[in-house]
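Read through the structure below, which is laid out as structure tokens, and then see the notes.
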There are 2 protein chains.
Amino acid sequence: MADLYDKIVELARRRGFFWPSYEIYGGVAGFYDLGPLGVALKNKIVEKWRRFFVKDHSDHVVEIETPVIGPSRVYEASGHVESFTDPIVSCSSCGRKYRADHLVEEATGESVEGLSPRQLTEIIRRKRIRCPVCGGELGEVKVFNLLFRTQIGPYEGDIGYLRPELAQGMFVSFKRVIESMRGKLPIGIAQVGRVGRNEISPRQAMVRLREFTIMEMEYFIDPEASDPCPVYENAVDEVLRIRTYRDKLEDNPPREYTLGEAVEKGVIVNKCLGYWMAVSKRFVESVGVRGEDMFFEEKGPEERAHYSSQTFDQMVRVSRWGWVEVSGHSYRTDYDLSRHMKYSGADLTVFKSYPKPVTVVEKRIVYDRAYIGRKYRAEAPRVMEALSRLDPEEAERLLRERGAIEVEGYVIPGDKVRVVVEEKKVTGRRIVPHVVEPSFGVERVVYAAIEHAYREKEGRVILSLPRDIAPFSVVVLPLNESDEKLVEVARRVYENLVREGFDAYYDDSGGIGRRYARADEIGVPAAVTIDYQTLEDGTVTVRDRDSWRQSRVHMSRLPAALRQFIYMGRSLDEIGVEHKGEQS
Amino acid sequence: MADLYDKIVELARRRGFFWPSYEIYGGVAGFYDLGPLGVALKNKIVEKWRRFFVKDHSDHVVEIETPVIGPSRVYEASGHVESFTDPIVSCSSCGRKYRADHLVEEATGESVEGLSPRQLTEIIRRKRIRCPVCGGELGEVKVFNLLFRTQIGPYEGDIGYLRPELAQGMFVSFKRVIESMRGKLPIGIAQVGRVGRNEISPRQAMVRLREFTIMEMEYFIDPEASDPCPVYENAVDEVLRIRTYRDKLEDNPPREYTLGEAVEKGVIVNKCLGYWMAVSKRFVESVGVRGEDMFFEEKGPEERAHYSSQTFDQMVRVSRWGWVEVSGHSYRTDYDLSRHMKYSGADLTVFKSYPKPVTVVEKRIVYDRAYIGRKYRAEAPRVMEALSRLDPEEAERLLRERGAIEVEGYVIPGDKVRVVVEEKKVTGRRIVPHVVEPSFGVERVVYAAIEHAYREKEGRVILSLPRDIAPFSVVVLPLNESDEKLVEVARRVYENLVREGFDAYYDDSGGIGRRYARADEIGVPAAVTIDYQTLEDGTVTVRDRDSWRQSRVHMSRLPAALRQFIYMGRSLDEIGVEHKGEQS
């Protein structure tokens, strides 16, 4: 596997999956472009995510879109202005800046996760760690905030930040969204969009970017509900590989649990958190990563974000960097909504109906309005307001002890005021929802899909992407590009497939073997060849990218046959008539 | 039409199309959220654009994705750091800042487009224009750069900007993209993505945003080609309403031209520019704006961006703001690629094959390598390099006049060097492509689609969006939500439609009339009702949003019938059996 990454990078550049941005200006670390095939693959992966997370749950999950740029107040409330930082250290000789924890880990081989800047500075001093480039002395470790900062409008104090996650958009607009749904909890609000994280020195290509795309859902739940997750049963038997924080500390490998077991044993603290982990496992499998190449890793208290009470990372194996996180699963509790309630003053609670109305006993002050009106005239409203503010218990005490109520200087005699006890039916109460969040980094999923699809066969590259996410679904080829009749039929077949909604392309350049090879390399699942038999009987050859086997299908049945082959996982045998053996 | 905008804003908030962002923090001008229905509508409009601009031209148009944040060098090269500005003026009393040209236009009623800050300052002084809020005196007019500025990484000098347009991403990565295509010109590179423009004081809701989404294509052409636009003939008869700059100055209305006429008469300076204008007209019609509600307006020399030699804006009529631009069409010439070649040193030319090889006559200096090697020893390479730099014409003159060549102090006698004349076959040459650009603001198209779909009928609202872009395609309703049998069948029909890929929802809340009304209001083209006849004969009622007519279709035929109704524009009569008359 040593050079698999290099092979993929070469393929990605040459055929147009991805490459570093701004190359003609020497590049800028942490930025990548998606080329034509990369965008097509990404769009299909996003659409698949939308199917798994939004459309399959469309009775209570919706998607919204909020801006990348937000005012500073939002990120003060969210805690990012204070806490979204990495430790940084500068060389006092050459001025280079480094991520201090990574520098110390590389120099000592030990994990320093969660240590403070002062502790890191001490280690640097004690172990005499110096600038890895010039050997100069390192300064004090400081904190560097990873938010990209800008100014909104022409006034200098109006700071804005690029969002480092999508979540705050869902929290800030939570009220509007639930008002537009006739929903009760749980409610999921999903989003797909760009985020920015101003990493100090990103060096891991597509796996550590300063700007990337997230697909994320905030799933708002009733923390007290006996059944917070109505869809839970649909995934209760899904098998998850989980490495708890404790297993990590004890150096144990991940263990297998069904979702039901993991929740019952308390390995996953919340049913909804677990449900979306199970959906995430299915989703990542559906883009071509096998179960044994992924697991969920629980983060320790020092490793979790500031808002989270339990977090799992969904890890996928890749060649160059070992295990990388493709999604994060956080139980964010009511942290965010509560903070935004505090910072904005808005009411972000949800009305929770009781299963049946509850009877509560309430005391209320009742007074003689006519008496107060006559006695206090213009001041009467003020008196009534004062009475309404008075605690009924206090009113009872005053009546008991003094036979009258004196409030804010006004005296109302005992026969004009009394405290009544009333029974009241209450149908529910307002609560602050809790939140569980599954959040995917799209570019990492795109990269993982390409790497896990990469095969070599007889010295040739095949990108065995799941058929339904391949950038192109089908290529149409005239067997002989200089035969006008074949070309004419081939163009007609191609145009018909495009009209039928297939992502098809037409290729008439070079020998047929070379054209098959070019198509295999970018993962085109089906190649349709128009040959001399086509002119006789109207059948075309359909070639399977993975097996290189071929079958004949009549042109009139081609769209239906390809739909079954590409989207329903049918084999060549099932869609056509077997014709000849393996052929490249 | 006076209060149509207010009605749409109310509908948009209540049902979840769009609303101002950050409302709980008092809002920030120029930022809008898309709610669940807004995202669904936007995604369908983007997908439709992709069909018109990319997929229908997939043999030579591709889509890529480049970052929002770019290093300063890119926007120095593009000219935005220098030229992407608006005039700004501050009140010296209250400190408020205004867009100076708008302020002057509002105060005087005259257009001041293209005037310099000094000229604007003079008008403010001469006409005694004062602060519209506090009446204070206004200062000097300055320029305000509309780029959102940030810092990339931890070094303070490393300025980055948010892109104000997508185009620079396509120009900077142009070389990589054409290398990954086996293409010759024309080549289109498209992109959909977020951009930021730090407007001084945006006040036009969804129509003037500080952050929005663009769908754009850079179409790279050979400026010398006799046939620069191979697809031109497909649109040559399309009728375009165009108001030239001259007609604008003379206060004439737009005139109708076929594309062919407009190009022949020189109204549109380039065939490719015109072709994409015609496609843009078809695209905007396909989202529901009629031909008479749109025209193309040519911009004058003062109104065009710094890079453009001809620009048209595609204008669409909306209630509150009159005519607004939904797309821009610029002939950008080779400005951008040439600038990036100069700033980066990279070669962004394209090899252009001649129809047949051309013979050119070349002079070349030939010398006796052995002689120079023996005579100059270690210095020989330097002598040879000097000879290679020498102009052959100059070498001929020296030989003629002196019988020897003296170059950089070295003398080579006439019998060791000569100038030969050679004929050479040249198959083509490198050119810098020109660019035409159709560029859409997505949120404006979304808004225009909603406004042009808005109808009222018998006091109720119907959003008559084209069926194929409606956020939901179909709603499934049990006639009586408390009849278990109806509910069971309705759930099954709903789940089947979801599985078949329809954007469907299920509604069993409230009377059937109210449910139809709710569906009409958000533009659901088809309502499927499960009633008592369904239990008898397996047919369901399909109701048309626009006519309120109904027809019966058998459940087994429902997906196919709905596909014809929604995507192929078939009527109820064509998909089912007419059953009863109009019914709300």
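Values quoted throughout were computed directly from the atomic coordinates according to the rules given, and no laboratory measurement underlies them. What you see is a predicted model; the values in this text were computed from it and never measured. FYI the Cβ positions are ideal-geometry reconstructions off the backbone, even for glycines, and counts take in every protein chain you see.
Observations, loosely collected:
- Label-point distances for B:P301 to the equivalent site in the other copies, using a point 7 angstrom along Cα→C-beta, read 7.3 nm when ranked shortest first.
- Within 10 Å of the Cβ of each residue in B:67-79, the mean number of Cβ atoms contributed by other protein chains is 5.
- Two-site FRET efficiency, B:R125 against B:D251, from Cβ-Cβ distance with R₀ of 35 Å, rounded to 0.05: 0.70
- Separation between Cα centres of segment A:226-240 and segment A:109-180, rounded to whole Å: 36 Å
- Peptide-level mean, for A:398-411, of C-beta atoms on other protein chains within 10 Å: 0
- Where the alpha-carbon atoms of the protein assembly as shown are placed on the principal axes, they occupy 136, 81, 77 Å, in descending order.
- In the assembly of identical copies, A:E250 has its label point, taken 7 Å from Cα in the direction of the beta carbon, separated from the corresponding points by 9.0 nm (ascending, one decimal).
- Distance to the A-onto-B rotation axis is smallest for one chain A Cβ; residue and value in angstrom are A:T150, 2.
- Inter-label distance, B:E140 to B:R499: 7.4 nm, where each label sits 7 Å from its Cα along the C-beta direction.
- The coefficient of translational diffusion for segment B:85-145, derived via Stokes-Einstein from the alpha carbon Kirkwood radius under 20 °C and 1.002 mPa s, stands at 192 µm²/s.
- At R0 = 35 Å, FRET efficiency that the Cβ-Cβ distance of A:R397 and A:H306 yields, to 0.05: 0.15
- For B:R243, nonlocal amide neighbours, meaning residues 5 or more places apart or on other chains whose placed amide H falls under 5 Å from its own, are B:R255, B:F296, B:E297, B:E298.
- Set against the 2.2 N^0.38 Å expectation for a compact globular protein, segment A:139-222 has a Cα radius of gyration ratio of 1.42.
- Average beta carbon contacts from partner chains per residue of B:208-220, 10 Å cutoff: 1
- Distance between the C-alpha centres of segment A:31-83 and segment A:280-323: 18 Å, rounded to the whole angstrom.
- Over the residues of chain B, the helix contribution to mean residue ellipticity at 222 nm works out to -9500 deg cm²/dmol, using -39500 (n - 2.57) for each DSSP H run of at least 4.
- Using the average count of surrounding beta-carbon atoms within 10 Å as a protection proxy, the listed peptides B:362-369, B:54-61, B:432-439, B:505-512 rank, highest first, as B:432-439, B:54-61, B:505-512, B:362-369.
- Computed E for A:D468/B:E224 - FRET, C-beta separation, R0 45 angstrom, nearest 0.05: 0.55
- Virtual paramagnetic centre 7 Å along Cα→Cβ of B:H102, amide N under 14 Å, in segment B:301-343: B:321
- When B:E76 is represented by a point 7 angstrom out along its Cα-to-C-beta vector, the spacings to that point in the other copies are 3.6 nm, nearest first.
- Short to long, the 5 Å bins of the Cα pair-distance histogram for segment A:172-328 hold 2, 8, 15, 19, 21, 17, 12, 6, 2, 0 percent of all pairs.
- Taking a ≥ b ≥ c as the square roots of the eigenvalues of the Cα gyration tensor, segment B:472-580 is rounded, since a/c falls below 1.5.
- Per residue, the convex hull spanned by the alpha carbons of chain A comes to 263 Å³.
- Counted charge near B:S201, where neighbours are those whose Cβ lies closer than 13 Å (Asp, Glu -1; Lys, Arg +1): +2
- Fraction of the pair-distance distribution of segment B:273-395 above 21 Å, Cα-Cα pairs, percent: 68 percent
- Rg over Rh, two decimals, segment A:357-431 (C-alpha only, Kirkwood Rh): 1.06
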